[in-house]
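Data first, discussion second: the structure below is written as C-alpha cells.
The values are calculated or read from the model by the stated rules, or taken from the named source; none is laboratory data. Source: prediction; values computed, not measured. Cβ coordinates were reconstructed from backbone atoms using ideal geometry, including for glycine residues, and neighbour counts include every protein chain displayed.
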Amino acid sequence: MDTAEKRALMPTGVRATFDRGWRFVGAHMGWTTRLFVLAACTLATPGALAQHRSTPVDSIVLERTTCYGTCVPYRLALYGDGRVVFHSLDARDSTRVAHDRVDPRAVMQLWTLSRIADFTDLPDSIEGTEYCRVRMTDNPYATITIAANDSIKRVRDYLGCPWGPYGLRQLERAIDSVANSRRWVPDADREQRQNTPPQRRGGTTDPQPHEV
C-alpha cells in the first residue's frame, strides 16, 4: 500500500492534520518512523474506524513457539465480533484455554495497522529473505494469520532475525496488547519475547551472505 492509499484510510478531519505532520516527519525521520506516525494518526479517532466498519475481518491469529529458554508457546485468536480465545500450546499445559471479549473496533484497529504495515506484501516466511541475512539461533517464531476480505494471509516470523520487518514486529506486539495476553503468559516469558531486542538475546549468530 502506498502513502496515498494509507492516507485514504483516514477520516477527512484527520487528513489535514496528517498532511501537515507528514511534511515535518518526512524531513526529519526514517521510513519506519513515518509508518507508525501514520498508524497513530489513522487509529487515533473513532471516525477512522466508523469509516471502515464494513470491512470484513474474520480473524487475526498470533501463534508463538518455544525457544531455547523459557518461552511459552500459545495461540491467540481475535475474531471480528470481538471474541478472544487463548490456547496454550505447551505440552505440559495444552488443555488450558481462556476466553474473553474486546471491543470489535480494536480488532479493526489491528487490521488497519496490518494494512499500513503492508502485511499482505510480506513473504510467507521471513527466514531466507532479505530481512534475515543474519540469523541468531535458539529464538522463537511468531506467526500471524489474518483472514479478511475472503482471503487468508499468513506470515511466519523468526525472531532471531535482527532486521525483521519493523511493522510486522509492531503488529505482533499490538495483537498481544489488544488481547492483554499478559494475563495468561508468565511475566519473564513476555519480557523476553516482547521487550528484549533480538540482538541482545542469547545464542550464536549464523551469518549469511549479503551484498554491501
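Below is a table of values for the structure above.
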| quantity | calculated |
| --- | --- |
| Residue satisfying all of: in the range 124-138; at pLDDT 95 or above and under 22 Å from Val72 (Cα atoms); surrounded by the most Cβ atoms within 10 Å (Cβ to Cβ) among these | Ile126 |
| Verdict on Ser181 being hydroxyl-bearing (Ser, Thr, Tyr) and over 24 Å from Ala98 (Cα atoms) | no |
| Filter result (surrounded by 13 or more Cβ atoms within 10 Å (Cβ to Cβ) and either modelled with pLDDT of 70 or more or in contact with an Asp or Glu (Cβ under 6 Å, 6 or more places away or on another chain) (or both)) within the range 181-197 | Ser181, Arg182, Trp184, Val185 |
| Condition broken by Met108, with the remaining ones in (1) under 17 Å from Glu63 (Cβ atoms); (2) without any contact (Cβ under 8 Å) to a residue 60 or more places away in the chain satisfied | (1) |
| Residue count, the range 68-101 (criterion: over 19 Å from the mean Cα position of the chain (by Cα) and buried (at least 16 other Cβ atoms within 10 Å of the Cβ)) | 1 |
| Sole residue being buried (at least 21 other Cβ atoms within 10 Å of the Cβ) and at pLDDT 95 or above, chosen from Asp157, Asp176, Asp121 | Asp157 |
